[in-house]
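**Q** Take this structure, written in structure tokens, and hold onto it; I'll ask about it next.
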Amino acid sequence: MTTTTSAKTITILGSLTAMQLILGSLLSIQFLTTKIAFAFIIVAVTARLFSPLITAGSTALAYLLGMLLFPKFTFFPGFILTAFLTGLVFGYAFHQRPTLPRIMLATFIVTFVLNLGLNSLWLHWLYQTPWPILFTTRLIQEIITMLIYTVSLSALFKLPLLNHLTTRLSS
């Protein structure tokens, strides 16, 4: 890898991490147990362009910086773990040519295992919210989230620009 390629790669990764931070922190709506954000699109683009570990690190870093720079609720390191695992799942699913089954599997794991499972556990520990109430409200949110993720990411990965960028970055 040449110095020019390395500088280009670092610049692209830094820009994507900054966009994750902006979409995940500044341009998100945060309630006590619910967060509406579109940073998942940038995480998916990062996953398509970079390795799973780089995507996971970028996602965790963007979340940590968002919490430090623009705190909206109590800091808890478990959410950084969830962000890291989200980047890892998207990284493994989308680094190769993403297909609809890969998109559906990745969004299922992220929405139901990580968001509904882990994040609900973190919220339960933080706020002592009863499980039935927490799970019921978040289940409805995550069903809608999975649909939005699947449709959005399916459309995103059909964009010729993203595929062109992927081939240019890897060469």
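**Q** To the nearest 20 Debye, how big is the dipole of the chain about its Cα centre, given +1 on the beta carbon of each Lys and Arg and -1 on that of each Asp and Glu?
**A** Once rounded to the nearest 20, the dipole reads 320 debye.
**Q** Out of F70, F50, F112, any idea which swings most in a Gaussian network model of the chain, alpha carbons joined below 10 Å?
**A** Highest fluctuation among the options: F70.
**Q** All other residues with a Cβ under 12 Å from the Cβ of L153 taken together, and with Lys, Arg as +1 and Asp, Glu as -1, what is their net charge?
**A** So the surrounding residues net to +3.
**Q** If you don't mind, another one. Under a 1.4 Å probe, what is the accessible area of the chain per residue, stated in Å²?
**A** The answer is 53 Å² per residue.
**Q** When only the heavy atoms of the protein chains count and the probe is 1.4 Å, how do L61, L161, L49 rank by accessible area, highest first?
**A** L161, L61, L49
**Q** Just grab the label-to-label distance for L165 and K8, each label 7 Å out from Cα along the Cβ direction, in nm (one decimal).
**A** Roughly 1.4 nm, to one decimal.
**Q** Which value, in nm² and rounded to one decimal, describes the direction-averaged projected area of the C-alpha convex hull of the stretch 50-171?
**A** One quarter of the hull surface, i.e. the mean projection, equals 8.1 nm².
**Q** Summing -39500 (n - 2.57) over the DSSP H runs of n ≥ 4 in the chain and dividing by its residue number, what mean residue ellipticity at 222 nm do you reach, to the nearest 500 deg cm²/dmol?
**A** The per-residue figure over the chain is -22500 deg cm²/dmol.
**Q** When the convex hull of the Cα atoms of the stretch 57-119 is projected onto a plane and the area is averaged over all directions, what value comes out in nm²?
**A** Value for the stretch 57-119: 4.4 nm².
**Q** Which residue fluctuates the most in the chain, going by a Gaussian network model with Cα springs under 10 Å, if the choices are Q96, Q141, Q128?
**A** With Cα springs under 10 Å in the chain, the top fluctuation among Q96, Q141, Q128 is at Q128.
**Q** To the nearest Å, what is the center-to-center distance of the stretch 98-116 and the stretch 131-160, using C-alpha atoms only?
**A** 9
**Q** For the stretch 18-115, which whole percent of the accessible surface, found with a 1.4 angstrom probe, sits on carbon and sulfur atoms?
**A** Answer for the stretch 18-115: carbon and sulfur cover 79 percent of the accessible area.
**Q** Which whole-number percent is the relative contact order of the chain (Cα, under 8 Å, 6+ apart)?
**A** 22
**Q** Any idea of T166's accessible area? Nearest 10 Å², probe 1.4 Å.
**A** Rounded to the nearest 10, the figure is 20 Å².
The values are calculated or read from the model by the stated rules, or taken from the named source; none is laboratory data. Since this is a predicted model, take the numbers as computed values, not measurements. A quick note on method: Cβ atoms are made from the backbone with ideal geometry, for glycine too, and the neighbour counts reach across all protein chains shown. Side chains are part of the model used for accessible areas, which takes the heavy atoms of the whole protein and leaves out ligands, DNA and RNA. Shrake-Rupley method; radii C 1.70, N 1.55, O 1.52, S 1.80 Å.
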